[in-house]
Structures are given as structure tokens and as C-alpha cells.
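> Starting off with a structure, shown below.
The values are calculated or read from the model by the stated rules, or taken from the named source; none is laboratory data. Fair warning: this is a prediction, and the values are worked out from it, not measured in the lab. Every residue, glycine as well, gets a Cβ built from its backbone with ideal geometry; the counts of neighbours run over all protein chains shown. Note: areas computed on protein heavy atoms with side chains; ligands, DNA, RNA excluded. Shrake-Rupley method; radii C 1.70, N 1.55, O 1.52, S 1.80 Å.
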Amino acid sequence: MAQFIPELTQSVLNSMATSGERKVAAFLKEYLDDGCVVWCNVPLGNKRLYADFLILIPNKGLLCLEVKDWDLKILRKVNKTQFEIEINGSLQRKQHPLEQARGYIQNIINLLSVDKRLQQSEGKYQGHPRVPYAYGVVFTRFTHHAISKISPEENVLEACIPYKNTLYQDDLKSGQAKAAVNKRLADMFPYDFGHTLQREEIDLIRWHLFPEIRLNFPEQINLFDEESDGESEEKVPPKPIAAPDIIKIMDIQQEQLARSLGEGHRVIHGVAGSGKTLILLMRCQYLAKQLGQPVLILCYNIVLAAKLKALIAEKGLADKVEVRHFHGWCSALYRKYDLHVSEAYRHLPYHEKYVRAAIEAMQNKTLPESLYGAVLIDEGHDFEADWLRLAAYVLDKESNHLLLLYDDAQSIYKTRKNLGFSLASVGIKAQGRTTILKLNYRNTKEIIGFAYLFAQNKMQPHIDADENQIPLVEPEAAGVNGVSPYIKQCESWQDELHYLERCLDKWIGEGIPLKDIAVICYRKTQCDEVEELLKRKGIRLISLQKESVRKKYHPDEDAVTICTMHSSKGLEFQRVMLMGIHSLENRNAEQEEELTRLLYVAMTRAQSFLMITLSGSNIYSQRLLDSYTYFNNQREGKSADS
């Protein structure tokens, strides 16, 4: 079965403009082959044109279908460019739906044709688009036979409504031979290059057509431009944007989920690198456009908040979306609403005082409700029960958009094995509206495989957990194959620093961008020594030891990032050097699980290259070495078998 974006849930079907669109969706669902992708009323390109259905058929190309629910009784005149219809005694001229569909597909091809990777590379069509395209119209309320009776001159009807570009009511019936239906769709294409689109080409097409799914690309569309009503062809084609050499976009499953989230409270349980944050950003773009009230994004980590704030600003949403780490948000509430701190909490650190003040104001109703049209919570596994209650409290109960993203394996700020409370008890009503993402896309298969092998015995899934009591999800590798993680045994901490220096010299000499490199240590003092090393060598750096620096963090700054394992949460880098593991201290079983999770988080920050230095000995370094030996033996065994 084809993949539909958004997913064809009952709520999505109900939201379609006409019963005809629902009939066509059911028709496509029944007859399209696996591998096809169907976008239903999804805005396309820079001009945000809304085609009823855009279909990607890998062995054919792109097909745009416009659906019309017109009754035959209302048709008065038709020519090659217009339909004249009569509604309640009033004559109306409408653009020919084939012209409408042609305008959409031509706009799409204009966007794609500037990319040389999507052009014919040889032959008489060299330089022309290598993606075949077609367009058609679907009349859902009358048959070809019925309209033929109105125009006895067959050549006139064919000139105005070409049969091969048109589907009728009888074409949509269920139970037909699948081959015949697919041939009917294939006949809409005027030519066939005999080429099946590969994943890289499909990703390129999606990159050009859907700017909102691009990752870390600074030039973004303005989602608040006026939208076309589709009634007229674009007079000035939109200026195309050159795609980068390495395409980074949401995969189809992530895009499908992000576009399929409906109203109400939603929970996504996702493993590290499953794209939870990307889904949050796309959801944020949609809600910011739809809602009159501001959107609130909350997380625990200051650095992650800074990263999200930078990404939101790049998408032109800074004036509509408030991004905060939880303690900073409570501090802002404290100042804005002049909240009171009870005497019992005056001894607490200032940031904890603000949290208690906000929670008490919620409890005694002195804090206003319905402050935000939507609340989106990233890394929700680090939130306490009262924190989630507070987030639900400030949500507008009419719009009621709440999204909680969660991965229990990355829960590094608490020692309990699960939430310790139900989501319903804190006001999050997501029963039946939860999604589990098991596929890891961020890391190479080798990195996620090694990280989970190291951690799995200390992070057992909670077999008794249900969707209201967050489970631990085992990751499944979906990324590319790459280089195995490497462990370097050193004589001392100073030896670890010397080895880091040699690696940095090699990487910089190879032209690796500084922003792709991170050095992650356990203790802040270790980070300080790494900082001194880089300063001595004249290497640009961002050291995330100070709160003021963490608040201003931007992932695109061209500098090596230095941070603790805790501060690394939510970040990602092509290359990671993980150091200082000898200083992890284990006092009891709970702390062993906590530190295991911490190392798991730190390791999964590496997208394609993970190096770990070890000096001294403790249970973590020994377990890393044991896992390293076992992992490499398994890989060598598999290689030998293959």
C-alpha cells in the first residue's frame, strides 16, 4: 500500500474538503503499489500551492490530480481553459481543472529542473528534467458515458476533456483489476524514461517541494506568505533555491507523523535519534500559523533550549513561539506575574524558588490559565509531575494542543526507573493518541548498536508499562553503515589530552568543519582543561560551562563544542570525542543506571564517528571494553559469514 501524507486516519478523511476527495483517497489507497507516496492537500514549494493529490510513483514520476465534485446538471459550457457552471441560478466561470493541475505540476517541475542532479545527463534531452510528470482531473459524480451524451461530437469533447487525463465516477469503483488501474494512471504520463527513481532522487524531490522538512538549512520560506487560491497560474515563477550537496531532510515516516498529528494531547515515545525534535519543530510551524495565541516550547536543558530557539528563529517564527528551558520559564513567570515565594522555600536556590512560586500560583489559581494556544515539551522524561501539571495548566483549553516527546533511555536527571506517576494524573490526556518511534536515524548503525549494547543490561524495558506510563523503547538502527566506534586506552588523563590533540590536528588537517566536532567530558574541570588545550592551539571553540554561553548556543557556529555529558543532551555532531570516563563514581545500583544512561546519551550525540578515550579503571570503562570486544567480534563474525 502507498504511504499517505498525512496518514489517512478517520480525522484526516473527515477534514477533507469534499466527499469526492475522500473517494479518491480510498481509490488510491486500494490500487497504488508499495513505494508510492501520496501527499493530500499539502502545501508545495515556496508559493505554498495546495494540490488535491500529488503522487510520486517511483517507476513513473510525479502525478498531480485535481478533484471536482461537480454534478453534471450544473455544467453549461466547457472549453480548453474554462468551465461554466450554474449554481442557484448564478453562472460562474471556473478555471479548467486540468489547467489548474497543469499549473501545479509546472510549478513543481520549475523548482526541480534547476537541480542538475534531477536533469538528463546525456542524449537529446540533456539538461531537461529527468523526472517524468503528468497531471489529471477526477470527476467524482458523473461517468464518461454520461458526459459524452452532452457533446455528441467526440473530437470536441476529447479536445476539451482528454480521456487519458481524466478519471470519472466509474473509474473509482472498488474491486477492479489492479493492473488495469495502474495502466490508466500510467497513461496520463506523456513519456517514460524507463527509469525508477532512487531514494537519493526522491529525497532531492522532497527537499525542493517541502521546505519545512529541510534540516539545519538557514534559508527558509516564510510560512505566513499569502497562499494561492489555485485559480490562476503563477505569472512569476518562484526563485528556486540551490540544494546542498548533502541532503538532510526528515524521512517519509517522520514527515507522515508530523503532518498527521491532530488536535488534543499527543505523546511520542521515541528512541535517541528518531527525529522527535524535528517533528516538534514541524508541528510548531503548523500551529504557529493556525493559532492566534503564542506557542510555548519547553525542555529541561539550557543548551537544547538555545538550539531550539535558533532553529525557530531560522524558520521566521521567533515572534510567535516562546522557547524556554523549564527553570528559565518559571523565572519569567515569576517576574511577569509578580509571584510570591512561600517562607518554606526561601532557603532554596533562586531557580528552584521560581519553580515553587509558579507551582503554588497554579495551585491557588493566582497564575492566569490559558496563556498559550499550544504547549510542546521536548525531553519530557526529565520533567517532574508538578512541572507537567503546570505546562498543562497554562494551555488554552479550547485549542488544547499539547505534545509531549519522551525517551526514558535518556532520562539522566532522575534515578527512578519510570515516571512514577501517570500522564492522566498531571492533566495529559493522551490515551489512544500515543506513538512509538523505534527507528534511530541520527547515528550510524555501528554507533547506535554499540551504545545500546553497552547500556541494555542496565536499562531494561518496563514490560508492565502502558501508554499512560511511559515505557523504555529499544532502538532499531535505520541509519547508514559507517565506521565502528573506537576506544583508545591511555595511561592517564594527560595522555587522553595528548591523544585528543593529535586527533584534532588530523581532523582539522583533513578539512573537517569545526562545528562538526564535539569534545564531551564528565566533569566541568575536565572541560576546562580541554578548553585550555584548544586555546593554546588557536582552535575556535564554544565551551558550554557557563550559563550565559549555553543560553546563546547556536549549532551552526563554526567552532569545536566542549561540554559535559549532561549539557550534551539534545545536541548532535558528526564527530564526538568522549573523555574522562575514569572519573565516574558509582555508589549504588541506582547511580549505576543513571550514569549508564548518561554515557548512552553522550555516545548517541555522535552521528558518524565516535571515539572514546579511557584511562584508569572503573566499572564503566571495563564494561565499555567488554562491549567493544564483543561488538567487534560480532562484526568480524558477520563479515566472515557473509
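> Between Ile542 and residues 5 or more places away or on another chain, which pairs have amide H atoms under 5 Å apart, with H built 1.01 Å from N, and which residues are they?
Val560, Thr561, Ile562
> Leaving out ligands and nucleic acids, and using a 1.4 Å probe, what accessible area per residue does the chain come to in Å²? Don't jump to the answer; show the numbers that get you there.
Working: 28410 Å² over 642 residues.
Accessible area per residue, the chain: 44 Å².
> R0 = 25 Å: FRET efficiency of Asn110 with Asn79, Cβ-based, nearest 0.05?
0.45
> Would you mind telling me the share, in percent, of accessible area of the chain contributed by carbon and sulfur at probe 1.4 angstrom?
Whole-percent figure for carbon plus sulfur exposure: 48.
> Counting every Cα pair in region 129-179, what percent are over 14 Å apart?
Looking at region 129-179, the distances longer than 14 Å represent 60 percent of pairs.
> Counting each DSSP H run of 4 or more residues in the chain as -39500 (n - 2.57), what helix-only mean residue ellipticity at 222 nm follows after dividing by all residues, to the nearest 500 deg cm²/dmol?
Working: 19 runs with 226 residues, N = 642.
After summing the helix terms and dividing by residue count, I get -11000 deg cm²/dmol.
> Now, a different point. With N denoting the number of residues in the chain, provide Rg(C-alpha) divided by 2.2 N^0.38 Å, to two decimal places.
Working it through for the chain, the quotient is 1.10.
> Angle between the Cα long axis of helix 589-603 and the longest principal axis of the chain, 0 to 90 degrees, nearest 10?
The two axes meet at around 50 degrees.
> Follow-up. Would you mind estimating how fast region 17-157 diffuses translationally, via Stokes-Einstein at 4 °C and 1.567 mPa s with the Kirkwood radius over Cα pairs, in µm²/s?
Calculated translational D: 76 µm²/s.
> By how many nm would the segment from Ser148 to Gln176 grow when fully extended, if each residue of separation counts as 0.36 nm and the alpha-carbon distance is taken off? Can you show the working numbers first?
Details: separation 28, 0.36 × 28 = 10.08 nm, distance 2.26 nm.
Length difference between fully extended and current span is 7.8 nm.
> Quick query: amide H of Ile5 versus all other amide H atoms, modeled in the peptide plane; which residues come in under 5 Å with a sequence gap of 5 or more or a different chain?
Residues meeting the amide H criterion: Val38, Trp39, Cys40.
> With +1 on each Lys and Arg Cβ and -1 on each Asp and Glu Cβ, and nothing else charged, work out how big the dipole of the chain is about its Cα centre, in Debye to the nearest 20. It would help to have the intermediate numbers written out before the result.
On the way: 80 positive and 84 negative charges, 114 e Å.
Approximately 540 debye in magnitude.
> Using only the Cα atoms, work out Rg/Rh for region 464-608, with Rh taken as the Kirkwood radius, to two decimals.
0.99
> Still on this structure, I have one more. With the calculation restricted to Cα positions, what are the radius of gyration and Dmax of region 333-407 in angstrom?
Looking at region 333-407, its Cα Rg and Dmax stand at 13.0, 39 Å.
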